[in-house]
Structures are given as structure tokens and as C-alpha cells.
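The values are calculated or read from the model by the stated rules, or taken from the named source; none is laboratory data. These numbers were taken from a predicted model, which means no experiment stands behind them. Positions of Cβ are backbone-derived with ideal geometry, glycine not excepted, and every protein chain shown enters the neighbour counts. Remember, those area values only see protein heavy atoms, side chains included, never the ligands or the DNA or RNA. Shrake-Rupley method; radii C 1.70, N 1.55, O 1.52, S 1.80 Å.
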Amino acid sequence: MSFRKLGTELRYLYNSITSGRALFVVLHTLREEGPVHLLRKLITKFVPTSIRVLFSDHRKLPDGIPLSNDFAYQRWLINNYPRKADLQRMSNTVTMFNYRPVISIIMPVFNTPESFLKEAIESVLSQIYQHWELCIADDASTESHVGQILSEYSSKDSRIKVVFREENGHISLSSNSALEIATGEFVALLDHDDLLTPDALYEVAYLLNRHPDADMIYSDEDQINEREQLKSPFFKPDWCPDSFLSRMYTCHFSVYRKVLIEQIGGFREGYEGSQDYDLALRFTEQTKKIFHIPRILYHWRIHPNSTAYSLACKSYAVEAAIKALSDALDRRAEPGVVVPIPAEGRYIIRYKIEKLDLVSIIIPTRNLGKTLDKCLTSIFEKTVYPNYEVLLIDNGSTEVETIGVIDKWKEKEPTRFKSQSLDIPFNYSKINNHAAKAASGRYLLFLNNDTEVLTSDWINALVEQAQRPSIGAVGALLLYPDNTVQHAGLVIGIGGLIDHGHKHYPAKHLGYFGQLQTINNYSAVTAACLMCRREVFEEVGGFEEELAVAFNDVDLCFKMVEKGYRNIYLPHVILYHYESKSRGYDTTSEKHNRLVKEMEYLKSKWGKHLDYDPCYSPNLTKSRYDFSIDI
């Protein structure tokens, strides 16, 4: 094939695939394996300039933009990574800061490869914000170059302070040695082989000038491979305490108020591999002033011996994390068991149920007897929780089959099954509010009639979380019949207003950084399966009856957040959801007009909440369900 014809094919491929990912793969392969002179001619003649820069022979793109091995992330970097002009502007801005605290960067070192160690230190020296000190503790390295490099740098810059430990004590004791020589108001953590972006400390100082009471600050991060290419950006949510119990997501770049670190006793020996997780768990019990900077400020180096490469390289880190989490549960008087899941470095907390209080399962229904019967059968045959009632609210069923199903369950479950008629125009909120008043349980479990329970301990798991004073609504993993995701938490902004994240993903998929298979905080969860304590439901005034069909669950969850509660999604509570069978879809003009009216109501009431989702990164897309990068 001539290079002209190949170029035409590549250009067609680029234009036909929105993401351009296929073009990236082809060009990357050619760059690595094809004749260099032919490739250069091909790229120059046929490839768009915006893509051509990705395949430069240089390690850096023009104006200091780093190179990524991922097309979408490269586009994001081009749009968001600070350029020389941005860094100059930041430098000028620093002179106008009223508050310029010293930030002590803590870096334990042990036998670091020479190039990695130098690059880590140079990344500190390159900081736009100059009010820092680099506190290095050498943990009795046996490689001679380590001491030479540290001595050389400390002699050149008085802000670089080094303590040479006489014996190896591992990372916790070494970090504490570095803490002992720190004099800054804040402490930042840097691994000995990683890199800070040049604006890292600037962004921290900029935030502190807006929020001087901040006690903990963390940023987004990515990884840097052995070819100096950036990859795997992790765009994080704001502080979500229950998500944090599932995985150490704050990780890099984290900054802590030093006085609070001293108050909790610094790093603890015996938690090596997860010493930062243990520190953050204890630290966040002392303050709620935790801030997130949604920018990439840290490059986590990935190589065969790093935790970033594989947690299997340091299996002891998992054991230490379980120990740290178990300690946290004890300190917080919330007894439970930490269960590691197959995904590396991720956990599920199963709390001890303090009291097996009555759960009222509330199911509105109308006709569709077979669907209702499948739902009720799954509840009564699979549920292992011993103390529950099912309260069915019949909203005007006319089918003989449905009436027969109701009568059948009255006979089979005379003590646990109750049915009431409420023959009014369909209003989901009004029906459920009516049922909540008639229910006897401490826990209210709102459930659609077109669901089918798959996990026998589903109510146990929901109660475990709903019993906690901090929790509002508890939601589940709902699947379509083809075992793909229908609901795994609602994300503000997706679909233009709010919609389900990870929709249509395979049920066993990990999701974005394990999001699907871990317990996470969300702004809202669907009422197709939602549990809360009665007291919380009554405190927020129940469902909003102005919202007859849509968004009533969103409104309910927002009201709980406004009262200070956290909403939560559980991946281990799994049901099928045969969505909208009872009511049908909004295809008629009447239903469409009603939907528009309810959308406008939600926007009018919760406008400020709909602008930003603290449980979802602003760097992720709102045009799809897949947590991909917003480029």
C-alpha cells in the first residue's frame, strides 16, 4: 500500500470514529514498528496537526505539555495542563497572596534509582510556589548514590533538609523522621520516585487563600510509565467518607495541617504499605474541613516494583489496609468486618446490625399480575432478614389475574403481607407517603413492583447502612434482564439533568476505578429500591407530591443531603429491574408535558445542586454514562 493510500485510510478512520482512539493505536504502532522516514512523511502530509504532535520524537509536546499514551487523555492534557504562560501568571499571582504558609514536603527514601530520585527532587525545585521545604529521611540506604545525591542537593538549597537514619525502619518510621525536621504549617506527602507538577504547591496555596481553615487538601493524579508517558488519570470526587472506606482514593497529592498530624501521632508502625491510608483515616476523624482540587498535580511512577504497577507486588499493603480500616471501625464505634474484593486495594464494609428492627417493604402496584408475583416470590423465598413486612398499595388494579395474585399472598403470608387499595390518579409520591404512614417499620424500603430480588441478604445489607446516623438513603445495584447495569447511583449532569452512571455496563465490570463494585456515596439513588430510617423520611417531609412520577427520588435524596445525611450505593445488593413495566414510558404528549413540568420543578427548586455533583469529577463527561474524560 502506498503511503498516500494508507494516509487516506487513516484519515478516513479518524473522521469516522469520534474518539480517534483507533487512529492513535495505528499511528502508535507505526511509530514503534514502521520505517521512521516513511512514517514522518505520512504524518506530515496526511495527519491533522492536532494529532501530529502526539507522535513527535520529543518527550514533551510544545510549551511543556507532557506526552500521554492515551489519545483522550492527551487531548485533555493539551486543554488543561499548565503552559509556560500559565505558570508565569501563577508566579505573578503568588506575590499577591495574603497568606503564604510554608509547606513541608515529606519524602522517605530508600535505595531509590538515581534518575528517579533526582527527578523527584527536581520536581520540587521547579515549583511555582516557593514557600516550601523538602524534608527527606534516608532510611539507611545501602546504595551509595543515594547519600551523594541527597548531600549534593541539600548543600545547594537550604530548603532541602535531610536526616540520615542509622538503621532501616521502613516507611512509617522513616516518614516520622522526616516529620520531625518539618517546620511548615502544612505537610505534603511525596514518594521518592514520583513527580509533582510545577503548579502543585501553587494550587494548594491558592486554595488556602480562599479557605485558610482547610485542614486536608488532595488532588487528582495520574501515572507515569517507564517511557515517561502519562497514563491512567484518576479524576476523583470531593470528600465522600463512605467511598473512602472502600478504597484509599485521596492518595496523591495530599496535604495535611501539621498540628493535626502531630495530634494523632503521625504515621504508625505496623501499617507499612497502607500507612497513608491509616493516617488519612485517623486524620479525617478530627476534621470536616477537607478540600479537593480537581486537577492533576501528581504523577505516580509505575514500574515493576511500585504499588502503582500492581498491588500484588506489595500484598502486605492489603493486609495493612484491612487492619487500618478495622481500627477505624473500632474507633468510630461502628463494629463491622472488612471484606476485600477481587479488585486490588478495594474493600466492602459489612457492619454489625445492632438491632433487627422491623423493615416495611412498600410496593405500589397496578395490574401486571405476573410481574408483581415474580417480585413478591423473590422477596418471600430469598429474604433471610427475619423481621419484615410487605405493604402493597394497589393503585386501582382491574385485572383478575392481579387480584388473584394479591389474594394468593394474603393467604400464603398472612402476617407478613398486607394490601391496601388507593384508587387515585397515579402519583408515586402520594402513594408512597400514604404507605409510609400506614407502615409499622423503623426502616422504610421503597420498592418497585417490577423488580426481582437476587441476593438473599439484601435487606441485611441495606439495614447495615441505614442504621448508621450519618446515612440517609441507601440504594442498590439494579440490573436489566441481560445482566447489564440499570442503576448504580445517580450522577448529576448526565443526560442534561441527572441519570444513572455506568448504565449498560456488564454487571461484573469494575467500573471507573472500581466504582461499580464498591460502596460509594452518591448525591442520589433511585427509589426503585431505596431504604431509609423512618425518622429521616419524616424529617425531610417524605416524597414531594408535586413530582407525581419523575425525580421524586432525586428530590428526596437532595433533601436528605441538605439536612447533612449522606446517600450511599451498595454493589452487593442486587436486583433485576424490569423498568417501567407498570407505568410505561413517557411516549404520549401528555406524559411528555408532565415530564417537562417536573424537570422544571426540579431545576427551580434545586438549581444550585444541579450545577455540580460533589460525588463526580468535573473532569469526567456528562454526555455519556461511562465516566470517560470530558474532552
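When Trp409 is tested against the conditions (1) within 22 Å of Phe537 (Cβ to Cβ); (2) free of Cβ contacts under 8 Å to residues at least 60 places away in the same chain; (3) open to solvent by less than 10 Å² (accessible area, probe 1.4 Å); (4) not in a strand (DSSP E or B), the lone failure is (1). Restricting attention to segment 131-179 and to residues that are farther than 30 Å from Met90 by Cβ and of a type in the set (Ser, Thr, Tyr), the residue that is most open to solvent (accessible area, probe 1.4 Å) turns out to be Thr142.
Quick grid of which residues meet (1) open to solvent by less than 70 Å² (accessible area, probe 1.4 Å); (2) under 22 Å from the mean Cα position of the chain (by Cα); (3) more than 30 Å from Val549 (Cα to Cα):
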{"site": "Ala320", "(1), (2), (3)": "yes, yes, yes"}
{"site": "Lys374", "(1), (2), (3)": "no, no, no"}
{"site": "Ile379", "(1), (2), (3)": "yes, no, no"}
{"site": "Thr383", "(1), (2), (3)": "yes, no, no"}
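Out of Arg295, Arg331, Arg282, Arg268, one residue alone is within 20 Å of Ser174 (Cα to Cα), open to solvent by 20 Å² or more (accessible area, probe 1.4 Å), at pLDDT 95 or above and not acidic (Asp, Glu). It is Arg268.
Restricting Val102, Val146 to those that are in contact with a Gly (Cβ under 6 Å, 6 or more places away or on another chain) and more than 22 Å from Phe234 (Cβ to Cβ) reduces the list to Val102.
Quick grid of which residues meet (1) outside any helix (DSSP H, G or I); (2) small (Gly, Ala, Ser); (3) surrounded by fewer than 16 Cβ atoms within 10 Å (Cβ to Cβ):
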site: Val536; (1), (2), (3): no, no, no
site: Leu556; (1), (2), (3): no, no, no
site: Met560; (1), (2), (3): no, no, no
site: Leu570; (1), (2), (3): yes, no, no
site: Tyr576; (1), (2), (3): yes, no, no
site: Glu579; (1), (2), (3): yes, no, no
site: Asn593; (1), (2), (3): no, no, yes
site: Lys597; (1), (2), (3): no, no, yes
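Going by the structure shown, is Asp242 in contact with a Ser or Thr (Cβ under 8 Å, 6 or more places away or on another chain) and outside any loop (DSSP other than H, G, I, E, B)? The answer is no for Asp242.
Taking segment 422-478 only, how many residues are part of a helix (DSSP H, G or I), open to solvent by less than 10 Å² (accessible area, probe 1.4 Å), of a type in the set (Phe, Trp, Tyr) and closer than 19 Å to Gly541 by Cα? So the answer is 0. Scanning segment 152-182 for residues that are among the polar types (S, T, N, Q) and either in a loop (DSSP other than H, G, I, E, B) or more than 16 Å from Val124 (Cα to Cα) (or both) yields Ser158, Asn168, Ser172, Ser174, Ser175, Asn176, Ser177. With respect to being at pLDDT 95 or above and more than 21 Å from Ala528 (Cβ to Cβ), Glu411 fits the description.
For the condition out of contact with any helix residue (DSSP H, G or I) (no Cβ under 7 Å at 6 or more places or on another chain), at pLDDT 95 or above and among the hydrophobic types (A, V, I, L, M, F, W, C), what is the one hit in Val573, Val540, Val561?
Val561
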